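The values are calculated or read from the model by the stated rules, or taken from the named source; none is laboratory data. Keep in mind it's a predicted model, so treat the numbers as computed, not measured. When we count neighbours, we look across all protein chains shown, and the Cβ atoms used for this are built from the backbone with ideal geometry, even at glycine.
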Amino acid sequence: MSDLSNAAGRQHGLITSAQATRLGVTEAALAHLEESQLVKPLEWDVYQLAGSPLGPIHAYPYAAWLATAPDLFASERPEPAADVVLSHESACNVHGMGSLAIPFVTFTAPEEREAPRATRLTVAPLTAAEVTVSRGVPVTTPHRTILDLVRSHVDHDDVAEALTDAVQQDLVDLRALHDDLATLADEYGLPAKPPAFADRFLAELDAASLSLRNLRACAALRHPDQVAEVRRGVTRVLAEARGGTGAEDALAPEDDELSWDLAAEIVARTGTGA
């Protein structure tokens, strides 16, 4: 039991039956531990030890992830981007984005492989920057997750709910996410222009509680003309402060992003972009 407990402890209190076998724990011994309520079976021949810190939101996807390579301990698995990663609607559930139905536990992997029952495997490349770990579960980042929902033709109402939650919780950079979604607009029927995008996907967003980066982005999406107008004035002030003539071409390169930030924040905080 000591070896089992130690191994499970390194996996947030979970162990597969195949891992238990490697440790010399027989099926009869596992059954005895279950009868004694020291472990409880989840799905996919994975057990959770009493006292495990994981609740169901993380325990079940983590169990499914362990079951994709049941003989291997978590420490023996490849780096997340080269391994199986929780994604799509299942990633939304872990991140607390939206309320999408999850008929299967969905993973993304770089190549085809056998998937456990009640799971779905999507083959696609992931970079290290597109993967994070949540309570032991390798999962696509919120940014990548939203893109995957769109690419898999999830209903736009569901995408809007997930996106709104992600922005509201500051899980994504709205400006960067909109830039990436705009490249998918024609293929997946998304409104690409800022006001139309905001109307379709951010209608329920409470701008008053946003982080500063997303407050600015929200103002720029909802009121791009106002931000552009204010930016021209900000540009003149910055250029003059740098010793220029006030013309736009006198603006220092490092101030280009600053002028956008200031203009978007002014529009947001004066109420136009709220």
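Checking each residue in the stretch 72-111 for being on the phi > 0 side of the Ramachandran plot and of a type in the set (Gly, Ala, Ser) picks out 96, 98. Taken over the stretch 84-111, the criterion of being within 22 Å of residue 18 (Cβ to Cβ) and at pLDDT 95 or above is satisfied by 84, 85, 86, 105, 107, 109. Note on the stretch 172-209: residues that are part of a loop (DSSP other than H, G, I, E, B) and touching a residue at least 60 places away in the same chain (Cβ under 8 Å) amount to 0. Restricting attention to the stretch 210-244, the residues being assigned to a helix (DSSP H, G or I), of a type in the set (Ser, Thr, Tyr) and more than 11 Å from residue 263 (Cβ to Cβ) number 0.
Condition check ((1) modelled with pLDDT under 95; (2) out of contact with any Gly (no Cβ under 8 Å at 6 or more places or on another chain); (3) surrounded by 22 or more Cβ atoms within 10 Å (Cβ to Cβ)) across all residues:
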| site | (1), (2), (3) |
| --- | --- |
| 197 | no, yes, no |
| 239 | yes, no, no |
| 242 | yes, yes, no |
| 258 | yes, yes, no |
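Of all the residues in the stretch 131-159, those that are buried (at least 17 other Cβ atoms within 10 Å of the Cβ) and over 15 Å from residue 90 (Cα atoms) number 1. Looking across the stretch 28-79, the residues that are of a type in the set (S, T, N, Q) and either closer than 24 Å to residue 2 by Cβ or surrounded by fewer than 20 Cβ atoms within 10 Å (Cβ to Cβ) (or both) come down to 36, 37, 48, 52, 75. Among the residues of the stretch 112-130 satisfying the criterion of being loosely packed, with under 14 Cβ neighbours inside 10 Å and of a type in the set (Asp, Glu), which is modelled with the lowest pLDDT? Selected residue: 114.
Taking each residue of the stretch 107-126 that is in contact (Cβ under 8 Å) with a residue 60 or more places away in the chain and looking for partners that are in a strand (DSSP E or B) and surrounded by fewer than 19 Cβ atoms within 10 Å (Cβ to Cβ) with beta-carbon atoms closer than 9 Å, six or more apart or interchain, yields nothing.
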